[in-house]
Amino acid sequence: MKKLLFLLLLSFSGFAQLKYGLVIHGGAGTILRENMSAEAEKAYRQKLDESLAAGYAILEQGGEATDAVIAAIQVMEQSELFNAAKGAVFTHEGRNEMDASIMRGDDLNAGAVAGVRHIKSPISAAKAVMEQSPHVLLSGAGAEEFATEQGLEMADTSYFFTERRWKSLQRAIEREKPELDHDDQKKAVEKSPKSSLIYSVPEDYKFGTVGCAALDKNGNLAAGTSTGGMTNKRWNRIGDSPIIGAGTYANNATCAVSSTGHGEYFIRSVVAYDISALMEYQSLSLKEASEKVVIKKLVERGGSGGIIAIDKDGNVSMPFNTKGMYRGFRLSNGEAKIAIYEEE
Ligand code: ASP
């Protein structure tokens with residue numbers, strides 16, 4: 001009898017721990033239903049679904065959270081719909097400079113690349129930095145040399161060219177001129193030495209960065225983020241996406257987080273780590289911690305964007321302070337969702 005009870009208890013506790021799943025984002029911003037064609041909406045939803053399926057398949061087979069994160073992100077990196085790898089935005093000089101990072105929650109190991117121009121899958125390079133180098137963050141030509149040595153697939157700059165992003169750059173450059181004369185903009189710059197006209201985010205800005213956070217069957221968490229950064233960025237600007245603690249964070253004791261939004265604010269607010277810290281030090285739930293950071297602290301500081309996160313128990317949170325965020329999750333208990341707009 002005792003043995004039976006023990007077995008029952010074991011299977012129940014085992015069952016509880018078995019919850020696994022993943023959550024993804026494809027960027028936040030002024031994403032409005034009225035501006036989206038039915039065709040475009042369908043394409044986004046399909047890609048998000050494909051990304052979730054790729055990551056979920058790995059988790060279902062007992063694979064590692066880091067591999068699920070890579071698989072989910074790579075689906076979006078290969079799509080022109082998102083601002084990562086293939087669909088990366090252009091810098092002021094007309095280049096694609098990509099950033100990515102990944103972190104695992106069991107040993108707090110992490111890897112990242114910044115300002116890379118020829119790596120087909122920047123997230124795979126981040127993973128290689130994490131696993132095959134003694135470093136956390138490699139940049140530019142050195143990061144590409146390392147990726148080549150690791151046998152990662154490289155691509156000509158033409159692979160990353162898309163007409164849509166090129167036009168966005170032209171529009172952004174055009175917009176800079178009238179903005180220079182805008183009184184409010186001038187005041188903002190005078191008030192804060194950190195703000196710069198080049199980083200002023202237009203009303204209709206969309207952050208198309210992609211990210212994933214996953215919890216595997218072994219209870220390990222991981223998160224990753226991949227981006228082309230911000231259209232019209234200059235001076236080898238690097239955003240929050242490759243910064244551990246800002247764009248990406250994972251800790252098995254708390255949660256795994258990936259951010260998207262106005263990177264400068266996310267770096268200064270150490271967004272991803274702040275969520276984990278609120279859980280660790282103030283025992284906030286994932287929902288409370290993530291909403292406090294994204295809906296309260298970031299908004300007060302003027303930082304627009306959102307995050308997706310999953311905690312050690314498989315709870316998911318996807319708060320954002322913009323009009324929309326491409327997002328979705330899939331959990332082993334059957335819960336799943338794909339959404340774009342605010343009201344969904
Ligand atoms: N966070 C990214 C950056 O600032 C942009 C984005 O999320 O789309 O580089």
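Values in this text are rule-based calculations from the coordinates and carry no lab data. Just so you know, these numbers come straight off a predicted model, no measurement behind them. Neighbour counts run over all protein chains shown; Cβ positions are idealised from the backbone, glycine included.
The table below gives the values:
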read-out: Unit charges at the beta carbon, dipole of the chain: most positive-side option, Ile310, His135, Ser51; value: Ile310
read-out: Kirkwood-Stokes translational diffusion coefficient of the chain, alpha-carbon pairs, 10 °C, 1.306 mPa s, µm²/s; value: 79 µm²/s
read-out: Test item: Cα-centred dipole of the stretch 28-149, Lys/Arg +1 and Asp/Glu -1 on Cβ, debye; value: 280 debye
read-out: Ranked by how many other beta carbons lie within 10 Å on average, peptides 96-103, 240-247, 221-228 from highest; value: 221-228, 96-103, 240-247
read-out: Among 310-316, 123-129, 253-259, 133-139, the order from most to least packed when residues are scored by Cβ within 10 Å on average; value: 253-259, 123-129, 310-316, 133-139
read-out: J(HN,Hα) series, the stretch 241-248, from Karplus relation 6.51 cos²θ - 1.76 cosθ + 1.60, nearest Hz, glycine and proline x; value: 4, x, 9, 5, x, 9, x, 8
read-out: Sequence-distant residues sharing a close amide H with Glu97 (under 5 Å, placed H); value: Thr91
read-out: Counting all C-alpha pairs of the stretch 32-119, share separated by more than 23 Å (%); value: 38 percent
read-out: Separation between Cα centres of the stretch 242-320 and the stretch 67-81, rounded to whole Å; value: 21 Å
read-out: Debye, to nearest 20: dipole size of the chain, +1 on Lys, Arg Cβ, -1 on Asp, Glu Cβ; value: 420 debye
read-out: Distance histogram in 10 Å bins (all Cα pairs of the stretch 96-184, percent per bin); value: 17, 36, 22, 17, 8, 0
read-out: Rough spin-label spacing in nm, given labels placed 7 Å along Cα→Cβ, for Glu288 and Thr30; value: 3.6 nm
read-out: Share antiparallel - DSSP beta bridges, the stretch 205-344, percent rounded to 5; value: 95 percent
read-out: Net dipole in debye of the stretch 228-312 [+1 Lys, Arg Cβ; -1 Asp, Glu Cβ; about Cα centre; nearest 20]; value: 300 debye
read-out: Relative contact order (%) - criterion: Cα under 8 Å, at least six apart; region: the chain; value: 25 percent
read-out: Expected 222 nm ellipticity per residue - DSSP helices of 4 or more, -39500 (n - 2.57), all of the chain, to 500; value: -11500 deg cm²/dmol
